[in-house]
Amino acid sequence: MDTYLQNLNEAQRTAVRTTEGPVLVLAGAGSGKTRALTCRIAYLIREKGVKPWNILAITFTNKAAREMRSRVDALVEYGADAVWISTFHAACARILRRHAESIGYSSSFTIYDTDDQKTLMKQVIKPLNLDPKDYREKAVLAEISAAKNALIGPEQYKKEHDDDYRGRKIASLYAEYQRQLQQNNAMDFDDLLCNTVELFTKDPFALEEYQDRFRYILVDEYQDTNAAQFRITSLLAAGHRNLCVVGDDDQSIYKFRGADIRNILDFEKEYPDATVIRMEQNYRSTGSILEAANYVIANNKGRKGKRLWTENDQGEKVEFHRLDTEYDEAEWIVSRILRGKETTSYGNCAVLYRSNAQSRILEEKCIQFNVPYRLVGGVNFYQRKEIKDMICYLKTIQNGQDDVAVQRILNVPRRGIGQVTMERVAMYAASHSISFFEALEQVKLIPGMERSGKKIQEFTDLIHELRQLAGTFSIQALLEEILKRTKYEEELQKEGAVEAQSRMENIGELISKAAGFEEEDAEEEPLGRFLEEIALVADVDETDDDGERVTLMTLHASKGLEFPHVYISGMEDGLFPSRMTLQTGDPGELEEERRLCYVGMTRARERLFLTAAGSRWLHGEKQYYPVSRFVREIPADLLKTDRNSTPERSGYGTGSLPGRTTGMAGSRAAGGSGRAGMASFGSQTGSFLFRTGKEFTRQDPGKLDYRAGDRVRHVKFGDGTVVKLEEGKSDTEVTVLFDKAGEKKLLAGFAKLVRI
DNA sequence: GAACCCATCATTTTT
DNA sequence: TGATGGGTTC
């Protein structure tokens, strides 16, 4: 037997070797599931002689797909690149391109992101003269998305909601939205899934082809699949029935996005002959961390039930600290990271929070204490204005039917084509059943277009010329040509030099991305494939793990990752679990929050710190939230606290949340000797009060070791040149022109610039 | 066409 | 509190 199997434990090995028939792998956090999955693929190819192209492996994110591919590559000498390893959406897009005609699309269809969806929905809602308050694009889209994820089409939706006014309206918006999408030869993310189901239903030959091809199917993160994904999986697996799904019901945290935990809970009902494998040995965390996490998750009903164990050391206790305000909390965390620097590096630390809004203060404190950090999430690279503009040019060149794209760039850069003109053209297009771009091409036939006519023709000429070039040019050259011909940069300059510079840098990044793409992907239709990649990839390699930086991110974003030191901030009832969850009073939602907590806790390898604030500003109101019930679900003797922080002391007489529990939650996890009562005060954590004053306030200009013209480095903005120093009200103000971030005015005492 | 003001409204998010 | 968007005004 090969060495790669010897490194596996019993359960993992069974997961690898049980290649035939349906298999459900319940893999706890940190149980080496990716390892088992990749070994399984290698085993299929190497031992079972399965052809790589007969294997389909589905992951949830592109990042996970990349990771799996490289691991499989390492285990299989050749042919590994023929294995389909991709996300549901990418796999579906690939299938749909080949069979687009079967469902009334052309293979050059474009993929809409949320912004495009909103733009389109706005246009759909507008002519109906509905109260915009009751029918916000976002809300309508959310309902439609939920319907799609549940595989409810417009007709069925209409039937199901025929008895209420709003339902009927949404139904017609849904139908019209779909009609316009198709007219634009565009699909939104959900359509990629639904349309694949539709394709397989309408075109049995296509389904058969893929059933035949994918003899071995693996699905990772199965607990987060929705109805559409479930359907696709079962349809594909119906052929050879070699379906292996891997997941952890305790880590299902995407219900709000349509994930249906029943898919994993009921797998055995769906496949009564399924082999069920439990991977419960955790290789990641210390005993203390695991034990605490086990206690929390034990409060959930409706689980498959499993108990993670580890051979790792018990390690340090989980710590809980409650500070006065959110500022104190952030400061405690950052200071603790700073203090722990001797034992672990910044790169080994992560600070997790429930909502993105919490990141700001953490950022501020990192800057203040000169702790380098990396913020995960936030604004997506491909959603930036300048990037979207460029992409819409490419989309227009590629697919003239995409009205949303054409309308976006028609007047960008400004060509003096106003809203009135746009509406007239749109009207003409609608009445002649042609696309917006086709209407532009016929501008001479549209009445009242005498003045804009010339400008419009210049635009269509430009697109025609660019289309010509697209045949021979690389995408990189095409983008450069677009920039040149549209004088895009000049337009940007009008908005300010600094702004323009950073926007141009982003475009530069897009261009190099295009260059890199073509280098490794020389297949035909590069433009279409490039656009698809961009649409389906969340961000430009989020994996810039460069340097030693603390990671700040939401609990959701932390799934699948691990860090030696983990801090979870905002452990307050009202924040986490969130107020919305508590207000609905739905125990299912609370359980999802608890799973989220479990996910967060199990990210930690060595140390886990939980923190809360006694009060915090939220939406302009000061909130006094009690300590999170999740903290209170951890037995006191597993927690290290200081006298101000003991959970049962905290939160009394404050806040007034519905359904607040007092004291410890009742149910306890199985196992362990009967733990009782709260630890009394006393376990000392040492000082957690830090000086905020002297070191970080006023800086005398004379004492600064840099002056105008010097090169300096900033934790967040990187390197730059000092433009000037001036005496401000409270501190010396430094103006720096950063290479990447542009010109910023900073307070010397705050910015902690280092001369380089 | 752009600057400005006021109202509104706030989880989580990958694809 | 803060970002965002619509509407108004110049």
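The table below gives the values:
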item	result
Where trypsin sites (Lys or Arg not before Pro) fall in DSSP loop in the stretch A:101-190, at most 13 other Cβ within 10 Å	A:LYS133
Residues A:THR735 and A:MET427, FRET efficiency given R0 of 51 Å [Cβ-Cβ distance, rounded to 0.05]	0.50
Diffusion constant of the stretch A:302-346 at 37 °C, which comes from Stokes-Einstein with the Kirkwood Cα-pair radius and 0.692 mPa s, µm²/s	237
Listed residue (A:PRO127, A:ASN149, A:SER355) projecting farthest to the positive dipole end of chain A, Cβ model	A:SER355
Residue order, fewest to most surrounding Cβ atoms within 10 angstrom, among A:SER31, A:SER86, A:SER512	A:SER512, A:SER86, A:SER31
Normalised contact order of the stretch A:326-467, rounded percent, pairs of Cα under 8 Å and 6 or more residues apart	17
Inter-probe distance in nm under a simple model that places probes 7 Å from Cα toward Cβ, at A:LEU618 and A:ASN9	3.8
Cleavage-rule hits (chymotrypsin sites (Phe, Trp or Tyr not before Pro)) in the stretch A:33-139: DSSP loop, at most 14 neighbouring Cβ within 10 angstrom	A:TYR78
Anisotropy class of chain A from Cα gyration tensor, a/c 1.5 cut	oblate
Residue-span extension gain [A:LEU561 to A:SER502] - 0.36 nm each, minus C-alpha spacing	18.2 nm
In the stretch A:1-97, the GluC sites (Glu not before Pro) that fall in loop regions by DSSP, at most 16 other Cβ within 10 Å	A:GLU20, A:GLU47, A:GLU77
Chain A: relative contact order as a whole-number percent, Cα under 8 Å and 6+ apart	15
Cubic angstrom per residue, convex hull over Cα atoms of the stretch A:103-191	88
Mean separation of Cα contacts under 8 Å, 6 or more apart, over the residue count of the stretch A:367-429: relative contact order %	19
Listed residue pairs exceeding 18 Å between alpha carbons, taken from A:LYS317/A:LYS365; A:LYS202/A:LYS395; A:LYS269/A:LYS304; A:LYS385/A:LYS487; A:LYS301/A:LYS640	A:LYS317/A:LYS365; A:LYS202/A:LYS395; A:LYS301/A:LYS640
Unit charges on C-beta of K, R, D, E only; dipole of the stretch A:548-649, Debye	300
Calculated [θ] (222 nm, deg cm²/dmol) that DSSP helices of n ≥ 4 give over chain A, each run adding -39,500 (n - 2.57)	-13000 deg cm²/dmol
Cα-based shape type of the stretch A:92-136, given that a ≥ b ≥ c are square roots of the gyration tensor eigenvalues and the cut on a/c is 1.5	prolate
Normalised alpha carbon radius of gyration of the stretch A:413-570 [divisor 2.2 N^0.38 Å]	1.44
Extension gain (nm, one decimal) between A:GLU509 and A:ASN380, 0.36 nm per residue minus Cα-Cα	45.1 nm
Assigned charges on the beta-carbon of Lys, Arg, Asp, Glu; the stretch A:79-171 dipole about Cα centre (debye)	140
The stretch A:169-292 - charge dipole about Cα centre, Lys and Arg +1 at Cβ, Asp and Glu -1, debye rounded to 20	200
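Only the coordinates and a few stated rules stand behind these numbers; no lab work does. No experiment lies behind these values; they were computed from the predicted model shown. Quick reminder, even Gly has a Cβ in these numbers, built from the backbone with ideal geometry, and neighbours come from all protein chains shown.
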